[in-house]
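Throughout, read-outs are computed from the coordinates displayed, never taken from laboratory work. Quick caveat, the model's predicted, so the values are computed rather than measured. Note: ideal-geometry Cβ built from the backbone for every residue, glycine included; neighbour counts use all protein chains shown.
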Amino acid sequence: DDALSRCPVCRARFRGSRECGRCGADLWPLMRLQARAWRAREDARRALDRGDTAHALELAALAQGLCATRPGERLLAILEWWKAR
């Protein structure tokens with residue numbers, strides 16, 4: 001997602017640094033949220049592999065709440081569909 005790879009202050013692209021190269025904004029909190037969301041999605045996939053769809057749904061929803069992505073949206077939709085079956 002393009003919005004996730006840009007500084008929320010000045011919209012410059014991330015360059016792998018904790019500080020925006022253009023405006024100097026501290027990007028560390030945003031990077032931590034993105035990493036936490038990624039881990040939650042990975043944990044959701046592992047829970048799904050184990051057959052624990054309820055826990056997978058919780059984790060996928062948490063991840064989307066932290067940092068929404070298109071793949072996360074698809075994962076959450078699949079899990080919600082599975083739960084409704």
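Each residue of region 55-61 is assigned a 3J(HN,Hα), and the resulting list reads 5, 4, 5, 4, 5, 5, 5 Hz, derived from the Karplus form 6.51 cos²θ - 1.76 cosθ + 1.60 (θ = phi - 60°), x at Gly and Pro.
In a fully extended conformation the segment linking GLU80 and CYS23 would gain 16.5 nm over its present Cα-Cα distance, using 0.36 nm per residue.
Relative to the longest principal axis of the Cα atoms of the chain, the long axis of helix 28-50 makes an angle of roughly 20 degrees. Taken along the Cα-to-beta-carbon direction at a fixed 7 Å, the label points for ASP49 and ARG70 span 2.5 nm. For region 63-79 and region 36-52, what is the separation of their C-alpha centers, rounded to whole Å? Here the answer is 11 Å between Cα centres. When the alpha-carbon atoms of the chain are used, the pair Rg, Dmax equals 15.1, 49 angstrom.
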